[in-house]
Amino acid sequence: MMPAGEQDGATIHATAVLVGARAVLIRGPAGSGKSGLALRLLQAADAHLVRFARLVGDDRVHIAARHGVLLVRPAAALAGLIEIRGLGLRSMPFEPLAAVGWVVDLAAADAARLPEPAEAITVVSGIRLPRLAVAHAADPIVPVLTFLCAAEGSPAAAHAPI
């Protein structure tokens, strides 16, 4: 948790998963697949497509900028819970705090087949972060794994499903 006095920031409608050393912040409207993408990233770690993945928070997360880094933590009432469509809320291990390294926007109105470089950056709470915009109804796992693996320089990038 953040130390006392550092609780300012914002609670946003988003999901976060720690992938490797940095978290991916997954944004999108209700029903866009944030929880589903989080579960698929956790499964990608089990399949060794990414080195490590653990839930930070689902549905609502708290973000705060600190020393040039965007930090994310679960909303207290939802810590360790994830929604599995058709099954409801389920408990799972979670990270209480992580530094955000990437943003994925699901059902993004500005998603493009060949995005301009300026569209690959977003600013959240004053912090510039790499961004991947995924079109509505598009399956996000392939571009997200490719995006994350390429950004990390991971050897798994060669094995990402393409």
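Quick look at the values:
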quantity	calculated
Members of the stretch 81-99 found to be under 14 Å from LEU39 (Cβ atoms) and either of a type in the set (A, V, I, L, M, F, W, C) or assigned to a loop (DSSP other than H, G, I, E, B) (or both), listed by number	LEU81, ILE82, ILE84, ARG85, GLY86, LEU87, LEU89, MET92, PRO93, PHE94
Single residue of the stretch 52-83 satisfying the filter (under 27 Å from THR146 (Cβ atoms) and in contact with a helix residue (DSSP H, G or I) (Cβ under 7 Å, 6 or more places away or on another chain)) that is modelled with the lowest pLDDT	GLU83
When residues of the stretch 119-140 are limited to those that are under 14 Å from the mean Cα position of the chain (by Cα) and in a strand (DSSP E or B), the one nearest to ILE63 (Cα to Cα)	VAL124
Boolean, THR15 is in contact with a helix residue (DSSP H, G or I) (Cβ under 8 Å, 6 or more places away or on another chain) and not basic (Lys, Arg)	yes
Test: residue in the stretch 31-48 that is in contact with a helix residue (DSSP H, G or I) (Cβ under 8 Å, 6 or more places away or on another chain) and under 19 Å from LEU129 (Cβ atoms)	yes
Total residues in the stretch 96-118, condition surrounded by fewer than 16 Cβ atoms within 10 Å (Cβ to Cβ) and over 14 Å from the mean Cα position of the chain (by Cα)	10
Filtered residue count, the stretch 88-111, keeping only those that are touching a helix residue (DSSP H, G or I) at 6+ places or on another chain (Cβ under 7 Å) and without any contact (Cβ under 8 Å) to a residue 40 or more places away in the chain	1
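The values are calculated or read from the model by the stated rules, or taken from the named source; none is laboratory data. All values derive from a computational prediction rather than experimental measurement. Methodologically, a virtual Cβ is constructed for each residue, glycine included, from the backbone with ideal geometry; neighbour enumeration extends over all protein chains shown.
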